[in-house]
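This report concerns only the one structure given below.
The values are calculated or read from the model by the stated rules, or taken from the named source; none is laboratory data. This structure is a prediction, so every number in the text was calculated from the model and none was measured. Cβ placement follows ideal geometry from the backbone for every residue including glycine, while neighbour counts extend to all protein chains displayed.
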Amino acid sequence: MLLFWVLFNLFVVLMLALDLGVFHRRARTVSFREALAWSGLWIGLAAAFTLLLFYWRGRIPAMEFATGYVIELSLSVDNLFVFLLIFRYFKVSNEDQHKVLFWGILGALVMRAVFILLGVGLINKFHWITYFFGALLVYSGVKLFRQQEAEIHPEKNPVLRLFRRFVPVTKEYEDGKFFVRRRGLYATPLLIVLLVVETTDVIFAADSIPAILAITLDAFIVYTSNVFAILGLRSMYFALAGMMELFHYLHYGLSLVLIFVGGKMLVAHYLEIPTEVALGVVALILSASVIASVLKPKTA
């Protein structure tokens, strides 16, 4: 099993190297067509990995991966709107957004891996943690359902406030650089944006990791589904950036998904919901929220 962990992470490193070192060596605006093509590529790779799991480990692990991937990707799409607000707040150019998202996603991969290992370990050792995670998801779902508009307050970010206390920051962006030399080493506003994105992702992980732990405790399945969802996040951002307002009912669907998977964790000891049923419910809820958004556009 260790060999598959190594091979999968080598695949991730290779794809990231190709992305940054070959296809996006220079900062530039990513076109809608290009972003759509990359999004399709990542979804296709996830589908191919599902088939690989099916022939390698059987139907159940493949279904668990597919369900986890759909949940993680759906939550990621909602998170993209928050990233859009962050970039607008800090007035980040389209060229620099790609760089911030790349390094932000790289940091997210490391943090998610740590969270997953901790989460699986805690549940295996202390089964009652399942009820805590379940209650957390239900609470998050109810809170998201009641939330009307996402608000960004970077000045309240404790990591950002601590950073600014010890590190000098330039007033202007510096050609896509995170650090520059003046009379010493200065951070740039672009690094501030990256810190906000990274700390925001930690909050996102508090919802997404327990959500997939409600589907499976197989660390390999949890990790790979998260990685595939995160790797496709950047290209999906540029593909959906102009259509964010279209899916204005999506957060209601996501809130119901969180409540559903949280409830699944809470009743797991008394009622086992098959993975196929869970996948069907999640797909039905998300499809309904997207269709409702299209049929009833948001009025200005």
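For LEU213, are the conditions met, namely being within 19 Å of the chain's Cα centre (by Cα) and of a type in the set (A, V, I, L, M)? Break it down stepwise before answering.
On the way: within 19 Å of the chain's Cα centre (by Cα): yes; of a type in the set (A, V, I, L, M): yes.
Considered against the rule, which asks whether it is within 19 Å of the chain's Cα centre (by Cα) and of a type in the set (A, V, I, L, M), LEU213 comes out as yes.
A Cβ distance below 7 Å, combined with a sequence gap of six or more or placement on separate chains, defines the contacts here; from the stretch 257-282, residues that are among the polar types (S, T, N, Q) reach residues that are modelled with pLDDT of 80 or more in the pairs THR275/ILE60; THR275/MET63; THR275/GLU64; THR275/THR67; THR275/ILE215. Scan the stretch 187-213 for residues that are within 24 Å of ALA268 (Cβ to Cβ) and either of a type in the set (Lys, Arg) or free of Cβ contacts under 8 Å to residues at least 24 places away in the same chain (or both) and the total you get is 0. A count restricted to the stretch 217-239 and to residues that are of a type outside the set (A, V, I, L, M) and at pLDDT 85 or above stands at 7. Could you tell me whether any residue of the stretch 83-91 is in a helix (DSSP H, G or I), closer than 18 Å to ALA206 by Cα and either touching a residue at least 40 places away in the same chain (Cβ under 8 Å) or among the basic types (Lys, Arg) (or both)? Within the stretch 83-91 (the criterion being in a helix (DSSP H, G or I), closer than 18 Å to ALA206 by Cα and either touching a residue at least 40 places away in the same chain (Cβ under 8 Å) or among the basic types (Lys, Arg) (or both)), the answer is yes, since at least one residue qualifies. Being of a type in the set (Val, Ile, Thr), at pLDDT below 85, more than 19 Å from the chain's Cα centre (by Cα) and more than 23 Å from PHE133 (Cβ to Cβ), is that true of even one residue in the stretch 278-291? Taking every residue of the stretch 278-291 in turn, none turns out to be of a type in the set (Val, Ile, Thr), at pLDDT below 85, more than 19 Å from the chain's Cα centre (by Cα) and more than 23 Å from PHE133 (Cβ to Cβ).
Meeting the requirement of 3 or more residues that are more than 17 Å from HIS98 (Cβ to Cβ), the helices (runs of 4 or more DSSP H) wholly within the stretch 158-246 are 158-166, 189-213, 219-231. Taking the stretch 132-165 as the search range and keeping residues that are small (Gly, Ala, Ser) and modelled with pLDDT of 75 or more, which one is farthest from GLU72 (Cα to Cα)? Checked the stretch 132-165; the qualifying residue farthest from GLU72 (Cα to Cα) is ALA135.
Scanning the stretch 112-137 for residues that are surrounded by fewer than 17 Cβ atoms within 10 Å (Cβ to Cβ) and touching a residue at least 60 places away in the same chain (Cβ under 8 Å) gives ALA113, LEU117, ASN124, TYR131, ALA135.
If you go through the stretch 181-223 and keep only what is of a type in the set (S, T, N, Q) and crowded, with 22+ Cβ neighbours inside 10 Å, you end up with just SER208.
Do the conditions hold for GLY68, that is, is it loosely packed, with under 13 Cβ neighbours inside 10 Å and at pLDDT 85 or above? So GLY68 does not fit the description; no. Scanning the stretch 282-299 for any residue that is closer than 23 Å to LEU217 by Cβ, out of contact with any Pro (no Cβ under 9 Å at 6 or more places or on another chain) and of a type in the set (S, T, N, Q) turns up nothing.
Conditions (1) at pLDDT 80 or above; (2) farther than 26 Å from GLY263 by Cβ; (3) among the charged types (D, E, K, R), marked per residue:
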{"position": "LEU118", "(1), (2), (3)": "yes, no, no"}
{"position": "ASN124", "(1), (2), (3)": "no, no, no"}
{"position": "THR130", "(1), (2), (3)": "no, no, no"}
{"position": "VAL167", "(1), (2), (3)": "yes, yes, no"}
{"position": "LEU190", "(1), (2), (3)": "yes, yes, no"}
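Of all residues in the stretch 255-277, which are among the hydroxyl-bearing types (Ser, Thr, Tyr) and within 21 Å of THR50 (Cβ to Cβ)? Explain how you work it out, then say what you get.
Pass one, the stretch 255-277, residues among the hydroxyl-bearing types (Ser, Thr, Tyr): 255, 270, 275.
The one that is among the hydroxyl-bearing types (Ser, Thr, Tyr) and within 21 Å of THR50 (Cβ to Cβ): THR275.
Among the residues of the stretch 29-80, those that are under 23 Å from SER208 (Cα atoms) and acidic (Asp, Glu) comprise GLU64, GLU72, ASP78.
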